[in-house]
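Contents: one structure, followed by commentary.
The values are calculated or read from the model by the stated rules, or taken from the named source; none is laboratory data. Not measured: the values here are computed from a predicted model. Neighbour counts run over all protein chains shown; Cβ positions are idealised from the backbone, glycine included.
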Amino acid sequence: MVGIGDDSMTNSELASQAAAGSRRALARLLTLIQDGESESIESVANIENVKSIGITGPPGVGKSCLTDCLASFWAGKGERVGVLCIDPSSPITGGSLLGDRMRMEQSGVDDRIFIRSVATRSSFGALPFRLKAMISALSLAGMDRILIETVGVGQTEIGIVSMTDSVLLVDGPDRGDIVQAEKAGLLELADVIVVNKGDLDGAEQAAANIRSGLALGNSESIPVLVVSALNKIGIDELIYALENVQVRSSVEEIRWRHRLTSALLDQIHSDSKFDSTVNDLVEGRIALEQAIQIILNE
Amino acid sequence: MPFAGLDVRRLFQDERANSQSMDPLRIVVAKPGLDGHDRGAKVVARALRDAGHEVIYTGLRRTPEEIVRIIEDEDASIIGLSSLSGAHGFLFPRVCELLKAAGLDDVVVFGGGIIPQSDRPALYDSGVRAIFGPGTPTDDFILFLNEVQERRVSNQPVGVGSSDGWHWG
């Protein structure tokens, strides 16, 4: 039995309340899924997920502001939009400061938008575990579209490619941080690239640099746009690009590779043997090779 | 010497000890109304994070309706309201009222900022469980949260919806 306030209910009752439009039930379902509660994860296992977009890029380029802008655009068209904002947990205390809402002022009290801040918890810096099930919960609750905002463009954040149907990479003018994305191979995996803060000097130049970088890798077909989330410039063009993303077979293979890897990781982590095996390692009872055997041999 | 006298290892050990003292909570820290001063709210948010909790900071100038919506979507069990504008007498009770109307009776409300002693009884009556003024040591929030958790575990009323008059301090 799981409870909301004084009401206790079964997992399936909670899931059906979420499906019927209860925000509280959806909020609690997301909590239970992230906590790894197996019945809740199972209750969304057979849901067909709706379209999702991963939004990633270096810190400070305006991802939250742009996410806010996109969510309220689609909500304005009558769609229901689910937003997951991912921020890191402290590896020392396990605590997390989730500050994306600071920059999300338009979404406010729009009934069609559901925003949830998600800490990475024990995945430390990478994507949080059970993200797929959280997407399913939002789909179950009747969202038409899901946006997932994640910080960073390093090797770990590349995983967002595996989670969402398309990826929007955001950069700012005069940053040069996109080189990190290039190093990680994320540049070619992005479906749309934007230079935000287009009202500032250097935005067009930054876009031109990205385009020439893509041309070197034979990825000229990826649209590179200049937008200003703050002043709502270029948003219509961005929406068009996002709604008309071309499937590229070269990316599809990488996508499935990442999907399989993260699904396997999720499964390993939800296995009760995992924690006990970590303990055995800490206590020196077994070696790493034995630990792998224990976990893989069902 | 920027770190003179500071034993970094000791600091980390203490943080670990604190973080293991209770299960992590989801806490919203909010700035209601027309008030641009958020140093206090950020210090509180940081202290709660360092105690191992997941803290959602709303940013400035939120309406009570927005704050309640955020608490609902984030499945938060605690809300900290910060006001230095003098409008706490309206804003804090309004948030409490909307929480109850939304059925979020189990959420625990605490407040902070420039809140004169003479204003506090009315805020406690509306459902606020603690008020922290300037100069409060950050340990106090953690002790307050420990007390809240103890009350929850022993089924003593502590949420905004309970008519029991318990408050911290």
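List of remarks:
- Single match in A:64, A:52, A:40 (criterion: modelled with pLDDT of 90 or more, more than 9 Å from chain B (Cβ to nearest Cβ) and under 21 Å from residue A:240 (Cβ atoms)): A:52
- Of all residues making up region B:95-119, the number that are free of Cβ contacts under 8 Å to residues at least 40 places away in the same chain and either touching a Phe, Trp or Tyr at 6+ places or on another chain (Cβ under 8 Å) or within 20 Å of residue B:65 (Cβ to Cβ) (or both): 6
- Matching helices (runs of 4 or more DSSP H) fully within region A:205-285 where at least 2 residues are basic (Lys, Arg): A:249-270
- As for region B:81-91, it holds no residue that is within 10 Å of chain A (Cβ to nearest Cβ), under 17 Å from the mean Cα position of the chain (by Cα) and at pLDDT 90 or above.
- Candidates in region B:119-161 are the residues that are of a type in the set (S, T, N, Q) and buried (at least 16 other Cβ atoms within 10 Å of the Cβ); of these, the one that is farthest from residue B:47 (Cα to Cα) is B:126.
- Qualifying residue in region B:43-58 (condition: facing chain A (nearest Cβ under 10 Å), closer than 18 Å to residue B:168 by Cα and not small (Gly, Ala, Ser)): yes
- Residue A:45 being surrounded by fewer than 23 Cβ atoms within 10 Å (Cβ to Cβ), free of Cβ contacts under 8 Å to residues at least 60 places away in the same chain, more than 12 Å from chain B (Cβ to nearest Cβ) and among the hydrophobic types (A, V, I, L, M, F, W, C): no
- Residue count for region B:153-169, restricted to those that are under 24 Å from residue B:133 (Cα atoms) and β-branched (Val, Ile, Thr): 2
A quick yes/no check of all residues on (1) of a type outside the set (A, V, I, L, M); (2) closer than 17 Å to residue A:230 by Cβ:
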site	(1), (2)
A:40	yes, no
A:47	no, no
A:54	yes, no
A:62	yes, yes
A:70	no, yes
A:82	yes, no
A:94	yes, no
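- Qualifying residue in region A:70-90 (condition: on the phi > 0 side of the Ramachandran plot, buried (at least 16 other Cβ atoms within 10 Å of the Cβ), at the interface with chain B (Cβ under 10 Å from one of its Cβ atoms) and modelled with pLDDT under 90): no
- Hey, residue A:61 farther than 13 Å from residue A:137 by Cα and touching a residue at least 12 places away in the same chain (Cβ under 8 Å) or not: yes
- Some residue of region A:5-20 being among the β-branched types (Val, Ile, Thr), more than 14 Å from chain B (Cβ to nearest Cβ) and in contact (Cβ under 8 Å) with a residue 12 or more places away in the chain: no
- Residue in region B:151-161 that is outside any helix (DSSP H, G or I) and in contact with a Ser or Thr (Cβ under 7 Å, 6 or more places away or on another chain) present: no
- Considering only residues in region A:91-122 that are facing chain B (nearest Cβ under 7 Å) and more than 24 Å from residue B:60 (Cβ to Cβ), the one that is surrounded by the most Cβ atoms within 10 Å (Cβ to Cβ) turns out to be A:94.
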